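Step one of this worksheet: look at the structure below.
Nothing in this text is a laboratory measurement; each read-out follows from the coordinates by a stated rule. Because the structure is predicted, anything quoted here is derived from the model rather than measured. Heads up, the Cβs are rebuilt from the backbone with ideal geometry, glycines too, and the neighbour counts pull from every protein chain shown.
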Amino acid sequence: MRILHVNDVASVGAILVRASHGRDMLYQPALRRDAGGGAGGVARLAFRRMRDVSRLRRAFRHGAFTHLHVHYATFAILADLAGIAYSLHVHGGDVLLDLDHPVKRSLVRRALRRAHRVAVATPDLVSPTRVLRPDAIYIPNPVDVPGSMRAWTNSLRPRIVMLSKMDRFKGWPDQVGLMEALVRKLPALEVSFFAHGQLPDAERQRLTSRLLALGGRVTPPLSREAFASHLAAHHFALGQLEVGSLGMSELQAMALGVPTIANVSAHDSVGDRPPVIPPREAAEVVASLWHDGQQANAHRGQMGRDYVAQHHQPERSLRTLESLLVGDFRPS
């Protein structure tokens, strides 16, 4: 078996390739954000995507790959145009957003219908994906766990990082409400947050104003490496409060040993319960962890690291994908 992954979403494709120890490869097609705006950007993107079709066909044939695995449903059109059978990995926006989009809807439905096998990246995607593909299975996102926990942040004030961009399905109004409750409990709390995202401008401005009133600090967009350093500089993390699944940002924070608040209700459907701080208990738990000091924080953080190492180990995720592709998947 040799897998050619198409499109790197949240580094999942890249991590799976690394887990194959040089056997598999990643092909990254052109992305909208790199083509620029306006009519010229649309034309450039269309040209680059058509060029991707021939390059993908050539890479697959010359590399003697046995499987083409596409990440994100709308990119499957490249495999269709290249005439290559494929499996599909859905990551959230394609199922939660694009299925309601007037143009993208048909691309997503076509991809789910034509894919040889279908995997979902987070537990909340199992039910909506199985409406169209009853055989879709959940493969935990692969996450690299550092060899040691992040160093304790020597700040006299507690620090919390809000992990999400201001996008839909992150529960942002609830996140801001929870942050206000946390600041009431810990007035010295330092809050950092991302003010960019796909929410309407008026809503982003309203949420930003509420966080700035708490003394929050806006963090600019960061590279993956800079994001990891940013996480490590905080005592706590706040993740999504809506869909009920851990995304890559929450998992990365937990892997570093940062105690993380998140809604994980969807994980019940796949038989595991991540050791996060429940949102309803967050104000009390965070205050207690801060007052109890470094050792209590480290103990809670280690629980998260152990969970990620057990459930999201890259080689384990790759083995699950391989068993899916050969039709030998067995629920663990």
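For this structure, a couple of remarks:
- Of the residues Q205, P220, I137, the one whose Cα sits farthest toward the positive end of the charge dipole of region 97-221, with +1 on the Cβ of Lys and Arg and -1 on the Cβ of Asp and Glu, is I137.
- Above 27 Å, the calculated P(r) of region 159-311 contains 16 percent of its Cα-Cα pairs.
- For the chain, the dipole from Cβ point charges (+1 on Lys and Arg, -1 on Asp and Glu) about the Cα centre works out to 1140 debye, to the nearest 20.
- Contour excess over end-to-end distance, with Cα ends at R217 and A309 and 0.36 nm allotted per residue: 30.0 nm
- Between helix 294-311 and the chain: long-axis angle, C-alpha atoms, 0 to 90°, nearest 10: 20 degrees
- Between region 288-332 and region 95-143, the alpha-carbon centres lie 23 Å apart.
- Dividing the mean sequence gap of close Cα pairs (under 8 Å, 6+ apart) by how many residues the chain holds gives a relative contact order of 16 percent.
- Counting 0.36 nm for each residue step from A46 to Q198 and taking away their Cα separation leaves a gain of 52.5 nm.
- Taken about its Cα centre, region 159-311 carries a charge dipole of about 300 debye when Lys and Arg each add +1 at the Cβ and Asp and Glu each add -1 at the Cβ.
- A straight line joining the Cα centroids of region 239-284 and region 184-227 runs 19 Å.
- For region 223-312, the Cβ-based charge dipole about the Cα centre amounts to some 140 debye (Lys, Arg positive; Asp, Glu negative; other atoms uncharged).
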